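First up is the structure itself, then whatever we jot down about it.
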Amino acid sequence: MTILKVEQVSRTFPARHGNAPTRALEPTDLTIGNNDFVTILGPSGCGKSTLLRIVAGLDRPTSGRVTLDGREVTGPGADRGMVFQSYTLFPWLTVRENIAFGLRERGVSEAERNKIADAFIRQVGLSGFENHWPKQLSGGMQQRTAIARALANDPKILLLDEPFGALDNQTRALMQEMLLAIWERDQKTVLFVTHDIEEAIFLGSRVIVMSARPGRIKAEINVDLPHPRSYKIKTTPEFVQLKERLVEEIRTEALKVAEHA
Amino acid sequence: MRPLDPVTSKQRLAYGLAFFVVFVALWSWATFGGHVSKVFLANPLTMVQEGVDLITKQGFLYDIGMTIWRVVGGFVLAAIIAVPLGLLMGAYKPVEAFLEPFVSFARYLPASAFIPLLILWAGIGELQKLLVIFIGSVFQVILMVAVTVGATRRDLVEAAYTLGASDRGIIRRVLLPSSAPEIAEILRLVLGWAWTYVIVAELIGSSSGIGHMITDSQALLNTGQIIFGIIVIGLIGLLSDFMFKAFNAWLFPWRLA
Ligand SMILES: Nc1ncnc2c1ncn2[C@@H]1O[C@H](COP(=O)(O)OP(=O)(O)O)[C@@H](O)[C@H]1O
Ligand SMILES: [Mg+2]
């Protein structure tokens, strides 16, 4: 059982160069249960990354706390895998070595490492690219490797920060299906950040809508679409209805940002 | 010719060779044409004859060997100390804060100015020569390595942390490999500078080496030998640079992929 609890977590970035301090995140509560797939949806600059980085332990909250299975998060660790929006594969390691990075850090033997890495390489459809350098991969392939790298560590929860944000539409749709297929089969606890409404609905069992600056949770919507989901679901009336509802929520937020800008 | 237009590798070679043709032509014109006195500048032919004489009759190969050994010895000594220290400075800000002011200051101390002092301390033996190279290189390498390591992509470090890397793991498996190509480039650059220090060290109080030969030739007004010595230094520098480059490319295939 995995339970992630975010309790009254807020983050204010201190003032710099005479600018006022930035309140990136208002006190926020969030609970994610075992094998949940939660998507966080919000306009850019609303504090999504800030929240995710605090959960990952890469940033400290100004107030409040994050616990994973009752233990307070005080820093980054292998129990919370992270996939970043930017390409963060280690350029000096091959695809296989990248995926095995966490295993090697834990002292897993090379034979065992390669076995696990190769299984994930198959799962994300990169067979034949085991010995390629990241430079030789397309953006989509790099992100698939990054997902495999996080999964190979068998984290309790997988954190993804707009991992497909820089990809073209076709690639992004394929990546969404791949990620969902992995989740449907392996049942992982996932927290996925995005600003793409369709992506949030298609992937999530629950969509959390965040409001614009200062960021806070504005609405929470359950997505009761059946699994396994394929891209075809995006044109069903249920999907379209959910989408319309979320468009409305996001639009009011985006308008607020525009007014204050 | 248009700005930033590339040239083919054949053209590049041709242009490179053309320079030397023009250079030797001008040199020949000045010397054979009698525009410059023999006392000040030997002509190309004399230079080659003196060179052959140096190598076959005066044991110049031994001098070359001595010089190479001094450069490499002093340089390796400097690298062994400087690379780990630079890595520590780049990785740990308190270490950097502690050492940076001194290293930045020491970097501007001219190695050649230490020669008289080093002769007092270490005599005129090999140790003194190595120390000149060492002093000339070590601070440069420390500082440049520290800057390179400090500039490691933060997102890679963060990714490694979320994969469970320890602080040791961050240094050994992220900071070091990500900076390694830059460090190799730094070493290549500083090796080039070490060549200039060694010659200066050999000009003063030395009984062997290319620099020693050059001082001897000066006393005899043998400009042919001097020029030959200088050209040999240039050629060895070029060769070592080329080998270093090839070695780096072989060592870091992921950069070229
Ligand atoms: N390290 C930082 N220092 C100062 N301000 C920051 C920092 N990181 C983020 N911010 C600010 O916090 C707000 C939320 O940022 P972020 O969490 O990255 O938004 P999102 O991921 O939703 O686009 C933004 O206004 C951003 O400028
Ligand atoms: Mg973000």
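Any residue that is surrounded by 21 or more Cβ atoms within 10 Å (Cβ to Cβ), of a type in the set (A, V, I, L, M, F, W, C) and part of a helix (DSSP H, G or I) - is there at least one of those in the stretch B:212-224?
For the stretch B:212-224, residues surrounded by 21 or more Cβ atoms within 10 Å (Cβ to Cβ), of a type in the set (A, V, I, L, M, F, W, C) and part of a helix (DSSP H, G or I): present.
Checking the structure you have, find out if any residue of the stretch A:180-190 is in contact with a Pro (Cβ under 8 Å, 6 or more places away or on another chain), in the same structural domain as A:ASP69 (by the TED database), open to solvent by less than 10 Å² (accessible area, probe 1.4 Å) and under 26 Å from A:SER138 (Cα atoms).
Within the stretch A:180-190 (the criterion being in contact with a Pro (Cβ under 8 Å, 6 or more places away or on another chain), in the same structural domain as A:ASP69 (by the TED database), open to solvent by less than 10 Å² (accessible area, probe 1.4 Å) and under 26 Å from A:SER138 (Cα atoms)), the answer is yes, since at least one residue qualifies.
Restricting to the stretch A:55-69, name every residue that is open to solvent by 50 Å² or more (accessible area, probe 1.4 Å) and in contact (Cβ under 8 Å) with a residue 60 or more places away in the chain.
A:ASP69
Taking the condition outside any helix (DSSP H, G or I), within 22 Å of B:LEU54 (Cα to Cα) and away from chain A (no Cβ under 14 Å), does B:LEU235 pass?
Judged against the criteria, B:LEU235 is not a match.
From the residues in the stretch A:8-21 that are open to solvent by 60 Å² or more (accessible area, probe 1.4 Å) and not in a loop (DSSP other than H, G, I, E, B), which one is modelled with the lowest pLDDT?
A:PHE13
For residues in the stretch A:57-114 being within 16 Å of ligand 2 (Cβ to nearest atom) and in contact with an Asp or Glu (Cβ under 8 Å, 6 or more places away or on another chain), which is nearest to A:THR22 (Cα to Cα)?
Checked the stretch A:57-114; the qualifying residue nearest to A:THR22 (Cα to Cα) is A:LEU58.
Residue pairs, Cβ under 6 Å, 6 or more apart or interchain, first in the stretch A:181-201 and away from every other protein chain (no Cβ under 14 Å), second within 13 Å of ligand 2 (Cβ to nearest atom) and open to solvent by 40 Å² or more (accessible area, probe 1.4 Å). List them.
A:HIS195/A:SER44
Name every residue in the stretch A:79-117 that is of a type in the set (D, E, K, R) and either within 14 Å of chain B (Cβ to nearest Cβ) or in contact with a Ser or Thr (Cβ under 8 Å, 6 or more places away or on another chain) (or both), in order of residue number.
Those that are of a type in the set (D, E, K, R) and either within 14 Å of chain B (Cβ to nearest Cβ) or in contact with a Ser or Thr (Cβ under 8 Å, 6 or more places away or on another chain) (or both): A:ASP79, A:ARG80, A:ARG96, A:GLU97, A:ARG104, A:GLU105, A:ARG106, A:ARG113.
Free of Cβ contacts under 8 Å to residues at least 12 places away in the same chain and not aliphatic (A, V, I, L, M): does that describe A:PRO237?
On the way: free of Cβ contacts under 8 Å to residues at least 12 places away in the same chain: yes; not aliphatic (A, V, I, L, M): yes.
Yes.
What do you reckon, is B:SER179 open to solvent by less than 30 Å² (accessible area, probe 1.4 Å), out of contact with any Phe, Trp or Tyr (no Cβ under 9 Å at 6 or more places or on another chain) and not in a helix (DSSP H, G or I)? I'd like the intermediate steps shown before the answer.
Values: open to solvent by less than 30 Å² (accessible area, probe 1.4 Å): yes; out of contact with any Phe, Trp or Tyr (no Cβ under 9 Å at 6 or more places or on another chain): yes; not in a helix (DSSP H, G or I): no.
Answer is no for this residue.
Is it the case that A:LEU158 is closer than 22 Å to A:LEU51 by Cβ and within 14 Å of chain B (Cβ to nearest Cβ)? Steps first, answer last, please.
Working: closer than 22 Å to A:LEU51 by Cβ: yes; within 14 Å of chain B (Cβ to nearest Cβ): yes.
For A:LEU158, the condition - closer than 22 Å to A:LEU51 by Cβ and within 14 Å of chain B (Cβ to nearest Cβ) - is met.
Restricting to the stretch B:227-242, name every residue that is more than 23 Å from B:ASN43 (Cα to Cα) and open to solvent by 70 Å² or more (accessible area, probe 1.4 Å).
Result: B:LEU238, B:LEU239, B:PHE242.
Testing A:GLU248 on (1) without any contact (Cβ under 8 Å) to a residue 12 or more places away in the chain; (2) under 16 Å from the mean Cα position of the chain (by Cα), one condition comes back false. Which one is that?
Only one criterion is unmet by A:GLU248, namely (2).
Which of the residues belonging to the stretch A:29-54 are in contact (Cβ under 8 Å) with a residue 40 or more places away in the chain and away from ligand 1 (no atom under 12 Å from the Cβ)?
A:ASP29, A:LEU30, A:ILE32, A:GLY33, A:ASN34, A:ASN35, A:ASP36, A:PHE37, A:VAL38, A:THR39
Out of (1) assigned by the TED database to the domain that holds A:THR145; (2) crowded, with 17+ Cβ neighbours inside 10 Å, the odd one out for A:VAL38 is which?
(1)
More than 16 Å from the chain's Cα centre (by Cα) and more than 19 Å from B:TRP195 (Cβ to Cβ) - does that describe any residue in the stretch B:58-71?
Looking through the stretch B:58-71, at least one residue is more than 16 Å from the chain's Cα centre (by Cα) and more than 19 Å from B:TRP195 (Cβ to Cβ).
The values are calculated or read from the model by the stated rules, or taken from the named source; none is laboratory data. Quantities reported herein were computed from a predicted structural model and do not represent experimental measurements. We place every Cβ from the backbone using ideal geometry, glycine too, and count neighbours over all the protein chains shown. Each accessible area value is taken on the protein alone, full model and side chains, heavy atoms only, with ligands, DNA and RNA left out. Shrake-Rupley method; radii C 1.70, N 1.55, O 1.52, S 1.80 Å.
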